[in-house]
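Working notes, beginning with the structure itself.
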Amino acid sequence: PYATLWLTADKWLESQKEWFGGAFNKLEPEAMEGVLSAAQRTLYKLSKTFEGAEGLSDIVTRVRQEIDDFSPNMPLITALRNPGMRERHWKQLSDEVGQDMTQAASDAFTLETMLSLNLGERVETVTKVCDVAGKE
């Protein structure tokens, strides 16, 4: 269980670094969901294993909390990474959310940049535009 804890924590940290620092247009939401759900399952089991073990229990709790804090962003990421998104959709999205979303198609746009736009408050609007793009 010790190795599992460290491997899970390492996978989360590496994924986080890759997702936040890499190009947003290269993110693969399905793979991200896989990493998150596997880590959540593993950490749930480890929380039972290390219950009462000072230090180890804290690590499990911290990593679980980080993943739980990140997970609500996944619907937004999945919507924005819809393969049907074209320039016209990015322009429409820009108009509807009041932010320049056309930059999202560039390699310079990162997940960190996207999260700084506070689009979580407008997830329904974003999802609507992205769903239409996926159906065209």
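Go ahead and set up a Gaussian network model of the chain, Cα springs under 10 Å, then flag whichever of GLN16, GLN65, GLN103 fluctuates most.
Largest GNM mean-square fluctuation: GLN65.
Name the GluC sites (Glu not before Pro) in region 27-107 that are in a loop by DSSP and that have at most 15 other C-beta atoms within 10 Å, would you?
Within region 27-107, the qualifying GluC sites (Glu not before Pro) (loop, at most 15 other Cβ atoms within 10 Å) are GLU51, GLU54.
Hey, which lysines would be in cross-link range of LYS128, C-alpha to C-alpha under 19 Å, not counting anything within fewer than 8 residues on its own chain?
LYS91
Please state the relative contact order of the chain as a whole percent: Cα pairs under 8 Å, 6+ residues apart?
Relative contact order of the chain: 34 percent.
Could you work out what % of the accessible surface of the chain is carbon and sulfur, using a 1.4 angstrom probe and leaving DNA, RNA and ligands out of the count?
Reported share for carbon and sulfur atoms: 50 percent.
Considering only C-alpha atoms, what is the centroid distance from region 4-35 to region 70-94, in Å?
Region 4-35 and region 70-94 have Cα centres separated by 19 Å.
Excluding residues on the same chain fewer than 8 positions from LYS135, give the aspartates and glutamates whose Cα lies under 17 Å from its Cα.
By straight Cα distance, LYS135 reaches GLU87, GLU124.
Assuming a viscosity of 0.692 mPa s and a temperature of 37 °C, what translational diffusion coefficient in µm² per second does Stokes-Einstein assign to the chain, Rh being the Kirkwood radius over Cα pairs?
Once the numbers are plugged in, D ends up at 203 µm²/s.
Taking square-rooted eigenvalues a ≥ b ≥ c of the alpha carbon gyration tensor, is region 83-136 rounded, prolate or oblate, where a/c under 1.5 means rounded and, failing that, a/b exceeding b/c means prolate?
Working: a/c = 1.70, a/b = 1.23, b/c = 1.38.
Since a/c reaches 1.5 but b/c is at least a/b, the shape of region 83-136 is classed as oblate.
Which lysines, on any chain, are close to LYS17 with Cα under 23 Å apart, when same-chain ones fewer than 8 places away are left out?
List returned: LYS26.
Using the Karplus equation 6.51 cos²θ - 1.76 cosθ + 1.60 (θ = phi - 60°), what ³J(HN,Hα) coupling, rounded to whole Hz, does each residue of region 85-100 give in order, writing x for Gly and Pro?
5, 10, 3, 5, 6, 5, 5, 4, 4, 4, 5, 6, 9, x, 9, 6
The values are calculated or read from the model by the stated rules, or taken from the named source; none is laboratory data. Computed from a predicted structure; not experimentally measured. Backbone-built Cβ (ideal geometry, glycine too); neighbour counts: all protein chains shown. These accessible areas exclude ligands, DNA and RNA; they are computed on the full protein's heavy atoms, side chains included. Shrake-Rupley method; radii C 1.70, N 1.55, O 1.52, S 1.80 Å.
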